[in-house]
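*Asks:* For reference, the structure I am asking about is given below.
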Amino acid sequence: MKSEKSHRLFEEALKLLPGGVNSPVRAMRAVGLEPLFFDRGAGSRLFDVDGNEYVDFVGSWGPLILGHCHEAVIEALEKSLRRGTSFGAPSPLEVELAAKVCQTVPSVEMVRMTNSGTEATMSALRVARGYTGRDKVIKFEGCYHGAVDSLLVQAGSGVATLSLPDSPGVTRRTSADTLLARYNDLDAVRAIMDGQGEQVAAIIVEPVAGNMGVVPPAAGFLEGLGELARSSGALLVFDEVMTGFRVAFGGAQQLFGMTPDMTCLGKIIGGGLPVGAFGGRREIMETVAPAGGTYQAGTLSGNPLAMAAGLATLIELEKPGVYGELEEKSAALAEGLKEAAAASGRVSLNRVGSMMTLFFTAGPVTDFDSARTSDVNRFTAYYKYMLGQGVYLPPSQFEAVFVSLAHTDEDLKRTAAAAAAFMESLGREG
Ligand SMILES: *Cc1c(COP(=O)(O)O)cnc(C)c1O
């Protein structure tokens with residue numbers, strides 16, 4: 001695999017951008033590689049600047065459920081582009097996308113558009129705190145909710161001991177308002193609520209965790225969170241930035257028949273452009289400025305290009321049979337990977353719809369601690385092998401592989417065959 005051009009660009013980038021990138025996971029440090037620089041994408045394929053072609057299972061970390069350069073999205077963008085790139089004033093597409101989101105996502109009666117998932121979660125928590133008049137937030141170990149100060153806390157384990165910030169620059173006082181619990185552990189949440197329930201503004205959760213690798217919610221976990229939140233007067237916030245429009249058109253809340261108080265969206269809702277959104281019950285959302293007093297704003301929020309790409313994507317996803325097709329493709333890949341892995345024994349596959357992770361541990365993987373039993377050296381070997389076979393996976397054990405509607409049966413077979421060849425080589429080594 002040639003990589004001279006990527007290498008040269010990376011050397012230049014290192015002088016100009018911290019770590020040579022604009023977002024850390026792209027740097028590929030977890031697998032000990034240098035990042036590839038990409039020239040273009042088409043359907044299920046990515047082409048790097050050295051001319052290598054890959055089957056893409058990153059999909060820009062989730063947004064590209066239709067694949068790269070889907071005709072409907074490109075057309076909508078071209079049409080919108082000619083009318084102006086930004087008005088800093090309302091435009092019709094915002095209303096159209098908002099209507100679509102409110103129709104589709106069960107808990108959302110009103111919505112505010114933002115420019116990223118990070119802004120969505122940050123703002124949703126501000127609104128939850130304003131609405132409840134309380135300060136504390138419960139989050140789960142291994143769940144990621146964007147680069148928000150108060151949510152960059154995962155350290156420590158179990159319950160509400162003093163949580164220390166994960167990142168320099170996050171103050172102790174900020175992180176002290178974040179209480180940690182183990183994913184899928186209702187007792188841990190109950191213990192926090194027993195002691196400090198009256199101070200808790202919100203429980204924020206990825207309804208299917210995707211940022212410690214894919215970890216599905218245990219039966220009753222999400223419902224239990226709903227009950228604990230209700231009985232203590234806290235809001236349940238689903239962070240569906242990854243799962244929204246992915247695990248079902250109406251997100252995880254539709255899949256599991258749940259109605260949280262608030263929902264955060266991102267990724268797919270922007271169709272590959274920078275968008276986030278948060279929404280919820282009308283009485284809660286009416287506390288957001290200028291309807292209410294909780295401030296939230298953005299110069300480019302509701303940007304016409306971003307709205308056009310998002311709307312075009314949702315219109316495609318709304319067509320009959322789309323999620324059935326996505327499920328078939330995803331199940332086929334999962335079957336292929338499981339067969340490949342059967343030889344090795346020490347792997348476990350978690351999947352919900354078109355998001356999945358092959359963990360290099362016997363499993364089961366039900367939370368961050370069990371995810372971390374994975375053999376990351378083995379994952380790295382797998383990653384490098386797959387890349388060499390033209391399969392572009394997320395460069396970390398603790399990320400989700402995304403299947404898109406653009407993946408062909410041939411793409412999926414090729415991927416499973418490459419995985420099988422890797423597992424066999426492991427078998428030979430013993
Ligand atoms: C990606 C992600 C975010 C952050 O979204 P950005 O657009 O990267 O700011 C928040 N929550 C979850 C669950 C995510 O997967």
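The values are calculated or read from the model by the stated rules, or taken from the named source; none is laboratory data. On a predicted model such as this, the values are computed, not experimentally measured, just so you know. Methodologically, a virtual Cβ is constructed for each residue, glycine included, from the backbone with ideal geometry; neighbour enumeration extends over all protein chains shown.
*Asks:* Please go through (1) under 21 Å from GLY363 (Cβ atoms); (2) within 18 Å of the chain's Cα centre (by Cα) for ALA218 and return the number of the only condition it doesn't satisfy.
*Replies:* Here ALA218 clears every test but (2).
*Asks:* Here's another thing I want to ask about it. Any residue at all in the range 56-64 that is more than 16 Å from the ligand (Cβ to nearest atom) and either of a type outside the set (S, T, N, Q) or under 30 Å from THR294 (Cβ atoms) (or both)?
*Replies:* yes
*Asks:* Something else now. Going through GLY310, GLY353, GLY298 one at a time, which residue ends up being more than 16 Å from ILE65 (Cα to Cα) and either of a type outside the set (Phe, Trp, Tyr) or at pLDDT 95 or above (or both)?
*Replies:* GLY298
*Asks:* Please state which of the following conditions TYR144 fails to meet, knowing it meets all the rest: (1) in contact with a helix residue (DSSP H, G or I) (Cβ under 7 Å, 6 or more places away or on another chain); (2) within 15 Å of the ligand (Cβ to nearest atom).
*Replies:* For TYR144, the exception is condition (1).
*Asks:* Can you tell me which residue is surrounded by the most Cβ atoms within 10 Å (Cβ to Cβ) among those in the range 16-37 that are within 16 Å of the ligand (Cβ to nearest atom) and part of a helix (DSSP H, G or I)?
*Replies:* ALA27
*Asks:* Here's a follow-up. Considering each of ARG134, ARG129 in turn, give the residue that is at pLDDT 85 or above, more than 25 Å from GLY270 (Cα to Cα) and in a loop (DSSP other than H, G, I, E, B).
*Replies:* Answer to the selection: ARG134.
*Asks:* Within the range 241-248, does at least one residue satisfy the condition of being within 16 Å of the ligand (Cβ to nearest atom), of a type outside the set (Val, Ile, Thr) and not in a loop (DSSP other than H, G, I, E, B)?
*Replies:* no
*Asks:* I'd like to verify a number: residues in the range 249-278 that are of a type in the set (Asp, Glu) and within 10 Å of the ligand (Cβ to nearest atom), how many?
*Replies:* Residues flagged as of a type in the set (Asp, Glu) and within 10 Å of the ligand (Cβ to nearest atom) within the range 249-278 amount to 0.
*Asks:* All but one of (1) surrounded by fewer than 16 Cβ atoms within 10 Å (Cβ to Cβ); (2) farther than 24 Å from LYS2 by Cα hold for GLY388; which doesn't?
*Replies:* Checking GLY388 against (1) surrounded by fewer than 16 Cβ atoms within 10 Å (Cβ to Cβ); (2) farther than 24 Å from LYS2 by Cα, the one that fails is (2).
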